[in-house]
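Report on one structure; see the data block that follows.
The values are calculated or read from the model by the stated rules, or taken from the named source; none is laboratory data. Just so you know, these numbers come straight off a predicted model, no measurement behind them. Backbone-built Cβ (ideal geometry, glycine too); neighbour counts: all protein chains shown.
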Amino acid sequence: MYSCLLIQTENNICTITINRPDKLNALNKTVIEELGSAIDEVINNTDIRSAIITGSGAKAFVAGADISEFASLDASGGKALAQKGQDLVFSKIETSPKPIIAAVNGFALGGGCELAMSCHFRIAADNAKFGQPEVNLGLIPGYGGTQRLVQLIGKGRAMELLMTGNMIDATTALQYGLVNHVVSQEELLTKAKSILELINSKAPLAVAGCIKAANAVFDESKNGYAVEINSFGELFDTADAKEGAAAFVEKRKANFSGK
Ligand code: COA
């Protein structure tokens, strides 16, 4: 069904692998369109509870937007490219009510770093390298990198990475808070899956509420505290909140239905 993605769903966890290893999984037009469809599938398929995005091969997660597609672009083409990518993929991942995490297996540069940052959180293999090298091409990030890098690692560190185009290794990314865990390359997917299995055992609507409220911090059109109050209140009307409280009182494991 996809020419540039491999999709595997197991235990309600969908693993999306970007599969252009000969081009270090660079994000060309097809990858962006296919990622958009795959994220729609994650959100809409009731058999899927959460997802992992990773890259094919041992070298790269994603080495950026496909630079070979830049040659023909002018100002309006550049804006359209950024807008389409943000709408189809990056914003959709960020606002997905189901958790989507990045398992970063090597270079995460430019659009690759931006893709990882649009995910709800990131796990890195010890060979991961992060950077926004667009300045080397006379450009800036266009898939939300200037915004999410500041959100995740703070303005000073983000400014330095953006303006120098320097890469940081996995240990530095961990120290900066860009990634939550660094593991060996062999352990990367196992670690990502074990965290998602734990999240999948929780009430799905509560998990979705966490994502929505935490995202509201960075949405100027919303008052995050009001979003939290509203979601907190609405969850009391769910069967899962009743099941959670009943299970606690009855000293048993909750059996959540997602309703
Ligand atoms: N777009 C298109 N093709 C890319 C790419 C990108 N962002 N990144 C890597 N590739 C391709 C290379 O052109 C090469 O293809 P070829 O074998 O047909 O020549 C292949 O992937 C392997 O890359 P190569 O540069 O030979 O590997 P390397 O180990 O020497 O260097 C990097 C790895 C990641 C340091 C280097 O590929 C690089 O700097 N990539 C661009 C990163 C970037 O600027 N990203 C932001 C884009 S906005």
Would you be able to tell me the number of residues in region 95-109 that are within 12 Å of the ligand (Cβ to nearest atom) and either assigned to a helix (DSSP H, G or I) or not aliphatic (A, V, I, L, M) (or both)?
2
So Ile53, is it crowded, with 20+ Cβ neighbours inside 10 Å and more than 15 Å from the ligand (Cβ to nearest atom)
yes
Residue under evaluation Lys253, criteria (1) in contact (Cβ under 8 Å) with a residue 40 or more places away in the chain; (2) farther than 21 Å from Arg148 by Cβ; (3) assigned to a loop (DSSP other than H, G, I, E, B), criterion not met:
(1)
Given the conditions (1) under 18 Å from Leu188 (Cβ atoms); (2) within 13 Å of the ligand (Cβ to nearest atom), report the number of the one that Glu10 does not fulfil.
(2)
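Restricting the search to region 117-138, which residues are within 13 Å of the ligand (Cβ to nearest atom) and touching a residue at least 12 places away in the same chain (Cβ under 8 Å)?
Asn127, Ala128, Lys129, Phe130, Gly131, Gln132, Pro133, Glu134, Val135, Asn136, Leu137
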Can you tell me which residue in region 15-30 is surrounded by the fewest Cβ atoms within 10 Å (Cβ to Cβ), limited to those that are of a type in the set (A, V, I, L, M) and within 9 Å of the ligand (Cβ to nearest atom)?
Leu24
The residue from Gly112, Gly144, Gly64 that alone is in contact (Cβ under 8 Å) with a residue 24 or more places away in the chain, within 11 Å of the ligand (Cβ to nearest atom) and in contact with a helix residue (DSSP H, G or I) (Cβ under 6 Å, 6 or more places away or on another chain) is Gly64
Any chance region 192-212 includes a residue that's modelled with pLDDT of 95 or more and within 30 Å of Lys79 (Cα to Cα)?
yes
Could you please find all residues in region 214-224 being free of Cβ contacts under 8 Å to residues at least 24 places away in the same chain and either surrounded by 14 or more Cβ atoms within 10 Å (Cβ to Cβ) or in a loop (DSSP other than H, G, I, E, B) (or both)?
Ala216, Val217, Asp219, Glu220, Ser221, Lys222, Asn223, Gly224
Could you please tell me which pairs satisfy a Cβ distance under 6 Å, a separation of 6+ or placement on different chains, a first residue in region 19-36 that is within 16 Å of Ile52 (Cβ to Cβ) and part of a loop (DSSP other than H, G, I, E, B), and a second residue that is within 13 Å of the ligand (Cβ to nearest atom) and of a type in the set (Val, Ile, Thr)?
Asn25/Ile18; Asn25/Val62
Could you grab me the full set of residues in region 56-94 that are loosely packed, with under 14 Cβ neighbours inside 10 Å and part of a helix (DSSP H, G or I)?
Ser68, Ala75, Ser76, Gly77, Gly78, Lys79, Ala80, Gln83, Asp87
Confirm whether Ile43 is touching a strand residue (DSSP E or B) at 6+ places or on another chain (Cβ under 6 Å), under 30 Å from Ser201 (Cα atoms), touching a residue at least 24 places away in the same chain (Cβ under 8 Å) and more than 13 Å from the ligand (Cβ to nearest atom).
no
Within region 171-186, take every residue that is touching a residue at least 60 places away in the same chain (Cβ under 8 Å) and surrounded by 15 or more Cβ atoms within 10 Å (Cβ to Cβ) and give me the one that is farthest from Pro133 (Cα to Cα).
Val183
Only one residue in Ile229, Ile211, Ile195 is loosely packed, with under 13 Cβ neighbours inside 10 Å and part of a helix (DSSP H, G or I), so which one is that?
Ile229
So Glu33 fits all but one of (1) of a type outside the set (S, T, N, Q); (2) more than 16 Å from the ligand (Cβ to nearest atom); (3) more than 30 Å from Asn200 (Cα to Cα); what number is the exception?
(3)
Is it the case that Glu69 is away from the ligand (no atom under 13 Å from the Cβ) and acidic (Asp, Glu)?
no
